[in-house]
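Chemist: I'd like to ask some things about the structure below.
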Amino acid sequence: MSDPRPIGVFDSGVGGLTVASALMRALSSESILYLGDTARLPYGTKSPHTVQRYTQRNLDFLLDRDVKAVVVACNTASALALGTAELAIPIWGVIEPGARVAVAEHRRRGRDPRRPIGVLATESTVRSDAYAHAIRRLDPEATVRSVACPLFVPLVEEGWTHDEVTRRVAERYLRPLLEEHADTLVLGCTHYPALRDVLEELVGPEVALVDSAESVADVVRTGLAEADLLSDGDTPPSHHLCVTDVEARFERIAAQLLPSSKATLELVEV
Ligand code: DGL
């Protein structure tokens with residue numbers, strides 16, 4: 001059986017488009033309905049209760065639009081709200097898939113207990129310790145050091161992904177992790193893959209930079225197949241972006257992150 005209904009994807013803003021883009025590449029027959037809660041961004045500085053409330057509203061919106069499954073393309077919402085979300089359809093977050101890749105990369109580099117796995121994330125994700133828990137479930141011996149990088153989100157939103165200012169800020173955030181010789185760094189916020197070039201330059205080729213987007217796409221493909229929810233592509237797939245506040249900024253970054261998509265944009269209330 002084929003199910004042409006869209007996969008719902010949400011983030012607090014534009015960052016989750018890095019995940020949507022990986023889904024579009026890996027699951028080209030699937031329609032995507034993306035919700036960016038731009039009116040309430042950032043989530044990364046908010047309390048668990050607030051993020052859970054926003055998450056439930058986003059899920060209700062996506063369910064009203066008849067999605068067949070949901071991807072929480074926001075690390076903060078995955079860390080704070082996935083456990084409390086109520087949904088009768090499959091739902092996946094980005095923390096577990098990211099942790100799995102991080103543990104695999106750490107193992108590939110010799111799994112030296114003196115070399116930690118570093119996690120770069122928002123303040124709320126760091127406070128939740130969700131990555132450390134997910135990583136230690138897979139490798140109880142692993143040392144995890146998490147660093148909150150609150151300035152990264154506004155720098156990405158500003159489009160300063162290759163700027164000297166961003167390099168200086170990144171240098172400062174990464175310093176403790178480089179001093180401890182971290183061998184793997186998780187980009188634990190969906191905005192951060194946009195800073196990959198700057199981060200790669202600072203850490204060098206020996207350190208793995210982990211972006212969960214590709215592994216999320218694998219998890220979703222397997223999950224949809226198991227639930228018999230894949231689309232056979234007979235109905236042409238569509239990509240639709242909803243935002244809770246329209247900003248030129250969202251359109252500009254969306255055009256950069258989804259260069260070949262013909263995605264349509266809609267302003268919505270959730
Ligand atoms: N995209 C969010 C995340 O992955 C970060 C942006 C925000 O603070 O809302 O955590």
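The values are calculated or read from the model by the stated rules, or taken from the named source; none is laboratory data. Please read all numbers here as calculations on a predicted model, not as lab measurements. Here the Cβ is made from the backbone with ideal geometry for all residues, glycine too, and neighbour counts use every protein chain on show. Each accessible area value is taken on the protein alone, full model and side chains, heavy atoms only, with ligands, DNA and RNA left out. Shrake-Rupley method; radii C 1.70, N 1.55, O 1.52, S 1.80 Å.
Chemist: For the range 160-188, which positions are under 20 Å from GLU105 (Cα atoms) and within 16 Å of the ligand (Cβ to nearest atom)?
Modeler: Within the range 160-188, LEU185, VAL186, LEU187, GLY188 qualify.
Chemist: It is to be established whether one or more residues within the range 64-81 are touching a Cys at 6+ places or on another chain (Cβ under 7 Å) and either within 15 Å of GLU214 (Cβ to Cβ) or not β-branched (Val, Ile, Thr) (or both).
Modeler: Within the range 64-81, the subset touching a Cys at 6+ places or on another chain (Cβ under 7 Å) is 75.
Narrowing further to those that are either within 15 Å of GLU214 (Cβ to Cβ) or not β-branched (Val, Ile, Thr) (or both): 75.
Within the range 64-81, one or more residues are touching a Cys at 6+ places or on another chain (Cβ under 7 Å) and either within 15 Å of GLU214 (Cβ to Cβ) or not β-branched (Val, Ile, Thr) (or both).
Chemist: Within the range 189-209, track down each residue that is among the aliphatic types (A, V, I, L, M) and either within 11 Å of the chain's Cα centre (by Cα) or more than 16 Å from the ligand (Cβ to nearest atom) (or both). Step through it out loud before you land on a result.
Modeler: To start, the set of residues in the range 189-209 that are among the aliphatic types (A, V, I, L, M) comprises 194-195, 198-199, 202-203, 207-209.
Within the range 189-209, VAL198, LEU202, VAL203, VAL207, ALA208 qualify.
Chemist: Only one residue in GLU226, GLU269 is closer than 24 Å to ALA88 by Cα and without any contact (Cβ under 8 Å) to a residue 12 or more places away in the chain, so which one is that? Don't jump to the end; show me each part of the working.
Modeler: Numbers: GLU269 fails: without any contact (Cβ under 8 Å) to a residue 12 or more places away in the chain.
Of the residues listed, the single one that is closer than 24 Å to ALA88 by Cα and without any contact (Cβ under 8 Å) to a residue 12 or more places away in the chain is GLU226.
Chemist: Scan the range 209-225 residue by residue and report those that are in contact with a strand residue (DSSP E or B) (Cβ under 8 Å, 6 or more places away or on another chain), open to solvent by 10 Å² or more (accessible area, probe 1.4 Å) and modelled with pLDDT of 95 or more.
Modeler: If the condition is that a residue be in contact with a strand residue (DSSP E or B) (Cβ under 8 Å, 6 or more places away or on another chain), open to solvent by 10 Å² or more (accessible area, probe 1.4 Å) and modelled with pLDDT of 95 or more, then LEU209, VAL219, GLY223 are the ones that fit.
Chemist: Please state which of the following conditions GLU30 fails to meet, knowing it meets all the rest: (1) part of a loop (DSSP other than H, G, I, E, B); (2) within 16 Å of the ligand (Cβ to nearest atom); (3) buried (at least 22 other Cβ atoms within 10 Å of the Cβ).
Modeler: GLU30 satisfies all of (1) part of a loop (DSSP other than H, G, I, E, B); (2) within 16 Å of the ligand (Cβ to nearest atom); (3) buried (at least 22 other Cβ atoms within 10 Å of the Cβ) except (2).
Chemist: Of all residues in the range 246-267, which are assigned to a loop (DSSP other than H, G, I, E, B) and surrounded by fewer than 16 Cβ atoms within 10 Å (Cβ to Cβ)?
Modeler: Initially, the range 246-267 is screened for residues assigned to a loop (DSSP other than H, G, I, E, B), giving 246-247, 258-263.
Across the range 246-267, the qualifying residues are VAL246, PRO259, SER260, LYS262.
Chemist: While we're looking at this one, here's another question. Look at ARG40 and say whether it is open to solvent by 40 Å² or more (accessible area, probe 1.4 Å), under 26 Å from SER146 (Cβ atoms) and either within 12 Å of the ligand (Cβ to nearest atom) or among the basic types (Lys, Arg) (or both).
Modeler: Numbers: open to solvent by 40 Å² or more (accessible area, probe 1.4 Å): yes; under 26 Å from SER146 (Cβ atoms): yes; either within 12 Å of the ligand (Cβ to nearest atom) or among the basic types (Lys, Arg) (or both): yes.
Yes, satisfied.
Chemist: Need the failing condition index for GLY44 against (1) in contact with a strand residue (DSSP E or B) (Cβ under 9 Å, 6 or more places away or on another chain); (2) in a loop (DSSP other than H, G, I, E, B); (3) over 18 Å from CYS189 (Cβ atoms); (4) small (Gly, Ala, Ser), just the number.
Modeler: (3)
Chemist: Which strands (runs of 3 or more DSSP E) does the range 105-203 wholly contain that include 1 or more residues that are without any contact (Cβ under 8 Å) to a residue 12 or more places away in the chain? Let's see the steps before the verdict.
Modeler: On the way: elements: 117-121, 144-148, 184-188.
Qualifying strands (runs of 3 or more DSSP E): none found.
Chemist: For the range 79-104, which positions are open to solvent by 10 Å² or more (accessible area, probe 1.4 Å) and not in a loop (DSSP other than H, G, I, E, B)?
Modeler: Within the range 79-104, ALA79, LEU80, ILE91, TRP92, ILE95, GLU96, ARG100, VAL101, ALA104 meet the criteria.
Chemist: Residues in the range 226-239: is at least one closer than 17 Å to VAL14 by Cβ, open to solvent by less than 60 Å² (accessible area, probe 1.4 Å), of a type outside the set (S, T, N, Q) and in a strand (DSSP E or B)?
Modeler: So far as the range 226-239 goes, yes, one or more of its residues are closer than 17 Å to VAL14 by Cβ, open to solvent by less than 60 Å² (accessible area, probe 1.4 Å), of a type outside the set (S, T, N, Q) and in a strand (DSSP E or B).
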